[in-house]
Amino acid sequence: MDSDLPRHAASPSTATPPGDRPGVALVSISRLQTLCESVAPRYADRARFLSVRAGYGAAVAALQAHVEAGSVDVVLAAGSNGAYLRDNLNVPVVMVKVNGFDVLRAITQAVAAWPGADIGLVLHESISKELAALGAWLNVGLRQRAYRSIDEVRTAVDALAAEGCSVIIGPGMACDFAQQAGLESVFLYSLGAVEEAFERSVELARVSRQKESKRVRLNTIVAHLRDGVAAFDGNGQLEAVNPAMLELLGLAREAEVPARLAQVAGSLLREAGEQGTAIVERIEQIDGRALIVNCMPIVEHGQRAGSVVTAQDALVAQRVDRSLRTSQRPKHLVARHGLDDLAGASPALERVRRLARAAAAHDATVLLSGESGTGKELVAQGIHNASRRRGNPFVAFNCAALPEGLIESELFGHEEGAFTGARRGGKPGLFEIAHTGTIFLDEIGEMPAALQSRLLRVLQEREVMKLGSGRATPIDVRVIAATHRDLHALVAQGSFRADLYFRLNLLPIRLPALRERREDLPLLAHHLLARAASQYGLAREGRQRVLDFLAPLFDGYDWPGNVRELENLLARAAIYLHAPGAALDEEAREAFPEFGRMTGQAASESGAASPPAPEARAPVTREAVLQALARHGGNRAAASRELGIGRTTLWRLMKG
């Protein structure tokens, strides 16, 4: 036979390795093998053939190594031998089937060759009642016997011979036994039956090879996944498992795998089966190890055919989460300043640096207090960059910048559809964005009372719940709060929660006003002027002229706007006085009304008149706000200007 594979019982070491063409084993111990070998060359371009002249147990032993090596995809056999192979091999077995035309052909051949002889027909498994009636109609003495094993073939031939049959029609073994008994024989299997079996076996081998290739490819992919994967059939029996799952469960021996996986996944499979839905991102404690597990159904033709269970180490997921947050965070979520950027050497500022460095060594909440413009955010950035969280997000939020509803959404996030206008797909809150980093809550004293309780819970539980969500998300965030108001007084007034105040006031740092550290003014002014000069193009030689011009303010002005006011003043000077010939006289001072606001002695020494001290402004009440709104027809901007307060303060007083 023209075959790519050797004959009977070839060992794996001599078997041709599987190629692109599928392998078909031709198994027979009789003359059927010769017929198969005559047909095989016609299919040589579609398959590789292996001839095995053995039957039953011997054939299984000869084929097992080739099946395991993947060089045999389908076995072609017939009769009881094929039935035995089908029960004992894990590859498809194609049977050479005998149809009615084959039987009629054989009977016709026997009648033509031996007229008047009684004919015995040996069939596999069962006899045909139709043939018994046909024998009487054809005036042929036809007797039948069925067999299931090789021993029953001999018994059937002997019984037919004893009944007077001189011609035996049957498979190859029946023909061989008939000849040994001195009887005539007709081989039952036709060339057409063999060709039809070849067509089925070659096509089945091709499909099996494709399926096996896909299975091997899928197993290779799954084997390289870092997540653990296990597949179960509809009865909960393990079908496949990858090395990552074994590693997660600490399994080394194969014998432990089914029982241990059934123990771990059993409850998941039952729950998923009862609910009829997938189980997603369930946290399971297995042998003291936190795993994130999922159980997904396998549906075939609309019916549940099994399940896939995946598992991931929670610690690995946390590391990936940190990496994603770090690599994908926006550039504006970065702290740009360090504690060394605090310009000045006064004792008050040195105390701030000392306390800030001590706070940076721990994750405790810090409360920065001080007047507006004293550099609270700069200190917060410095603490973040001096801590172990440097390199992670630094998120700043002004609690007085938005209405209450928007503050809640910004800080805690929301799910899709949580409220009208909610972002599609939801939105993470600033606490989530700041995970593993620092969140800076400026103007904490302006936070609405309703949100103070939510903030307190976040600080206590270290978890945040989005609007519209029923599940809390754990967070790892360091909180730094800042205020220019006296929170203790607000607590006494009942407008700020006492428990939140004490939670925030764990590490308090008060930033001194600029007038409390005047000795830092020259150095600070020189530092800020260099930055302003670079921004506005002031020549280096003109900087000292600006500093000399503003020098009287350093000792005589109260700097109510603190560092922010000083920075603005220096920027104004850099713009107005940048020309080398710019006048520094009284006319120039008209652009700097700060000279007119200096305290008495300093003003007289500088030659500037000191205006009368402004009268103390009475606190704005809710009634005053309502009256102003009425006068301006509800225009909040106009009412704010009249009362001298911001629109956020106006809104807060309206809510009252």
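General observations
- Net charge of neighbours whose Cβ lies under 12 Å from the Cβ of Ile298, counting Lys and Arg as +1 and Asp and Glu as -1: -2
- Over 32 Å (Cα to Cα) - which of Lys376/Lys466; Lys129/Lys211; Lys376/Lys427; Lys214/Lys427 fall in this group: Lys129/Lys211; Lys214/Lys427
- Cβ-based exposure ranking for Thr438, Thr483, in which fewest neighbours within 10 Å come first: Thr483, Thr438
- Label-to-label distance, Lys129 versus Ala449, with points set 7 angstrom from Cα along the beta-carbon direction: 9.5 nm.
- Added length on full extension, which subtracts the Cα-Cα distance from 0.36 nm per residue, Ser38 to Ser267: 76.7 nm
- Local net charge near Val563, Cβ-Cβ under 14 Å (Lys/Arg +1, Asp/Glu -1): -2
- FRET efficiency for Trp651 and Ala361, using Cβ-Cβ distance with R0 set to 41 Å, rounded to 0.05: 0.55
- Gain in span if fully extended, Glu519 to Glu152, counting 0.36 nm per residue against the direct Cα distance: 120.4 nm
None of the figures in this text is laboratory data; all of them are computed from the coordinates on show. Here the structure is a predicted model, which is why all the values come from computation and not from measurement. No Cβ is skipped: glycine too gets one built from the backbone with ideal geometry, and neighbour counts run over all protein chains shown.
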